[in-house]
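To start, the structure under review is shown below, and the notes come after it.
No lab work stands behind these numbers, since they all come straight from the coordinates. Not measured: the values here are computed from a predicted model. With ideal geometry, Cβ positions are generated from the backbone for all residues, glycine too; neighbour counts draw on all protein chains shown.
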Amino acid sequence: MSATLEFVRASRWYGQVIALNDVTTAIGPGVTGLLGPNGAGKSTFLKLAAGQLAPSQGEVKMLGKPAWGSPEIFHRVGLCPEADAFWEQLTGRQFLVGLLRLTGYDDAECRQRAENALHQVALLDAKDRKIGGYSKGMRQRVKLAQALAHEPEVLLLDEPVSGMDPVNRRRVVELVRRLGREGKTVVVSSHILHEVEAMTRRVLLIHNGRILAEGDVREIRDLMDEHPHTVALRARDTRALARAVVVLPHVISLTFGAEGEWLTVQTAKPDELYGSLAEAAEQAGVTEMYSPDENLESVFRYLVAG
Amino acid sequence: MSERDTSRPVPFARAVRAMFDLTLEGMVWSRRSVLMAFLLGLPIVFAIVYRTVLAAHLPPRVTPFDFYGGIVVFYYLRFVVPLAALFYATALVADEVDGKTLTYLLTRPVRRESILAGKFAAYVATTLSLSLPAVVVTFFVLMTARGRAGLGGAVPDLLRDLGVLALALLAYGALFTLMGVLLKRPVIPGLLFLFIWEFMANLPGYLPRFTLTAYLRSLIRHRPAEEGISEIFGQVLPTALCLEVLGGAVLVCLAAAAWIFSTREYVMDQ
């Protein structure tokens, strides 16, 4: 495997806080999951890879060049950042066209590429609506579209399906897998094992700024099953959702959120839950879904202690 | 699909143009522009009030041209133009940092200097298009208040005023762009600069030469000092010196801002 992205003894600290500590790794074509609880150093890893931060020590190379201070790499690299931040007054199409023009395309090609990218994330119908009026899931998808629009060889995706409903989550997972099959280098960060597992089997486990393990996701899979898994769902009709979910055999408990919009489901079999959730989610109008990271945190505690 | 040279950043001029267009869209239709359009356009209301109410009651020696000159010097040059520069230019980068949208710009194959240049160009275009028409309308409303006699002779002064105000927007804009990339919270230091530091322009001796106001005011031919309204504007600096200092300030501030912006890390909190 030829390395597209290389970290050589790279460290990064903010004042006295070490965010990434002496990391050496090489990532090549295909999908690689960057898995770790919040605060583990995933975002710092991606910011170093995307040249947003300079390493305090060591080297970070993207496509053979130092990631920091080499703007030309962004002809071939796309970043989907975690922050839910946009120029709210722009439409989805204006947002993409504006950024594509900064990538050096002429106006006609910008429009064409913007349409293609919006089509890939199923936002073509909403292309002329202002981003300020988009739902959380649509905002996630338009953010992904700007990373895809110039067809980069390398994609850095920071929590790309966070907040998406199950249908679009599945669509994005399939898109990431396809990009990996096409030979692109895709690095996806997440704190949810099942999310990463759906996209790839190759993972980097990161915890407290260190790479704890690299390899096949199945090896930590068994550990995961020993811990109850929590999924939070936001729906138009939480009662209908609860009725559909409570009958599933692997559900341990259900909790309604304070304002009645959220339902928290605890399960011992997350795979089965995700598998059977799609139909129930559609009927109850699920608009958002996320998994708090306590599940993964417990696995990491186990690994570190072991 | 077009062939692009992907081994280099996008050419500077092309990147500046793209950044200019992207910034202009958000800048023109912002709440900041509504407020500044109001403040910059307010003298038109003063002029209409003067024309309809005051002109008949003021002694003949207070001419419409005096009134216009006072508006240009005291309102535009000393107050609202620097304020517009402060609010727009300090926000060029700070807004992107606060809104966490800077990441989108910094992950494009463009030199960071071109991002700043495009944004500064959009600032100049926006502030010029808000301020200069208001000055022109104010001028004509006032100068035709007592007939059209003398209007033609005053037009060169109008053109000169427009040039000086444009220069003021460039000079203050460059300085506040520098403050915007240098400081995390640039507005308060900017206000202190405008209303305390720049006050030195009214002091005797050499101190006024450390202010932008002294050079800009010296370029206004019909400043009130010539009419004897105020003795506090003691110094009139040579035009060539004013242009050199102001031009130098623009270049130095923009170069420093571009250097800082291109070498600085911007950490967007999640």
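Here are the numbers for the structure shown:
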{"item": "Above-threshold pairs, the threshold being 19 Å between Cα atoms, out of A:61/A:143; B:100/B:184; A:143/B:100; A:47/A:130; A:143/B:184; A:47/B:100", "result": "A:61/A:143; A:47/A:130; A:143/B:184"}
{"item": "Alpha-carbon Rg/Rh ratio, for the protein assembly as shown, with Rh computed the Kirkwood way", "result": "1.09"}
{"item": "Linear extension gain, residue B:159 paired with residue B:146, 0.36 nm per residue minus alpha-carbon span", "result": "2.6 nm"}
{"item": "Where N is the number of residues in chain A, Cα Rg divided by 2.2 N^0.38 Å", "result": "1.01"}
{"item": "Pairwise centroid distance, computed over Cα atoms, of the stretch B:1-35 with the stretch B:134-175, Å", "result": "31"}
{"item": "Computed label-point distance, nm, for sites residue A:8 and residue A:253 using a 7 Å Cα→Cβ extension", "result": "5.1"}
{"item": "Gaussian network model of chain B, Cα within-10 Å springs - most flexible of B:127, B:107, B:23", "result": "B:107"}
{"item": "Distance between the stretch A:127-201 and the stretch B:235-270 - C-alpha centres, whole angstrom", "result": "41"}
{"item": "DSSP beta bridge pairing in the protein assembly as shown, given as percent antiparallel to the nearest 5", "result": "65"}
{"item": "Stretchable slack from residue B:197 to residue B:34, in nm (0.36 nm times residue separation minus alpha-carbon distance)", "result": "55.9 nm"}
{"item": "Backbone N within the stretch B:70-112 under 12 Å of label point (7 Å from residue B:125 Cα along the Cβ vector)", "result": "none"}
{"item": "Of B:138, B:101, B:126, the one that fluctuates the most in a GNM where chain B has Cα springs shorter than 10 Å", "result": "B:101"}
{"item": "Rounded to 5, the percent of DSSP beta bridges in the stretch A:5-222 classed as antiparallel", "result": "55"}
{"item": "Fluctuation leader among A:271, A:158, A:125 - chain A, Gaussian network, Cα springs under 10 angstrom", "result": "A:125"}
